[in-house]
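Peer 1: This is the structure I want to talk about, given as structure tokens.
The values are calculated or read from the model by the stated rules, or taken from the named source; none is laboratory data. Just so you know, these numbers come straight off a predicted model, no measurement behind them. Heads up, the Cβs are rebuilt from the backbone with ideal geometry, glycines too, and the neighbour counts pull from every protein chain shown. Quick note on the areas: whole protein, heavy atoms, side chains included, nothing else; ligands and nucleic acids left out. Shrake-Rupley method; radii C 1.70, N 1.55, O 1.52, S 1.80 Å.
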Amino acid sequence: MQRRQRGTTIQGVTREDVTSLSILLPPLPEQRAIVAVLDSIDVAIERTEAIIATTEQLRDSLLHELLTHGIPGWHSEESLRSLSRRT
């Protein structure tokens with residue numbers, strides 16, 4: 001492609017240059033196998049993103065629960081007295 005570039009200010013190639021190029025492609029069964037692998041990778045990425053989103057929602061819910069209600073058993077009168085005795 002670099003040998004075919006023309007122009008002084010903006011380098012480019014003509015449509016004819018591009019259409020005259022031979023492009024080697026693997027046989028159709030190999031192309032299909034490549035597509036199958038890439039599709040399975042896409043599915044794995046989508047599932048991973050869904051798991052991450054669900055985990056973030058769970059984290060947010062747990063944090064909200066903790067900040068709203070505290071740690072179970074830590075906000076009773078007895079636990080506050082026991083905590084003040086430790087200090």
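Peer 1: With the structure loaded, tell me whether SER82 is in a helix (DSSP H, G or I), of a type in the set (S, T, N, Q) and either at pLDDT below 70 or open to solvent by 90 Å² or more (accessible area, probe 1.4 Å) (or both) or whether it fails that test. Steps first, please.
Peer 2: On the way: in a helix (DSSP H, G or I): yes; of a type in the set (S, T, N, Q): yes; either at pLDDT below 70 or open to solvent by 90 Å² or more (accessible area, probe 1.4 Å) (or both): yes.
So SER82 passes the test.
Peer 1: Pairs needed: first member in the stretch 27-45, assigned to a helix (DSSP H, G or I); second member anywhere, open to solvent by less than 80 Å² (accessible area, probe 1.4 Å); C-beta distance under 8 Å; at least 6 residues apart or different chains.
Peer 2: Cβ pairs passing all conditions: ILE34/PRO26.
Peer 1: Mind telling me which of the residues LEU58, LEU62 ends up being under 22 Å from the mean Cα position of the chain (by Cα) and either among the aliphatic types (A, V, I, L, M) or at pLDDT below 95 (or both)? Outline the logic, then answer.
Peer 2: Working: LEU62 fails: under 22 Å from the mean Cα position of the chain (by Cα).
Matching residue, one of LEU58, LEU62: LEU58.
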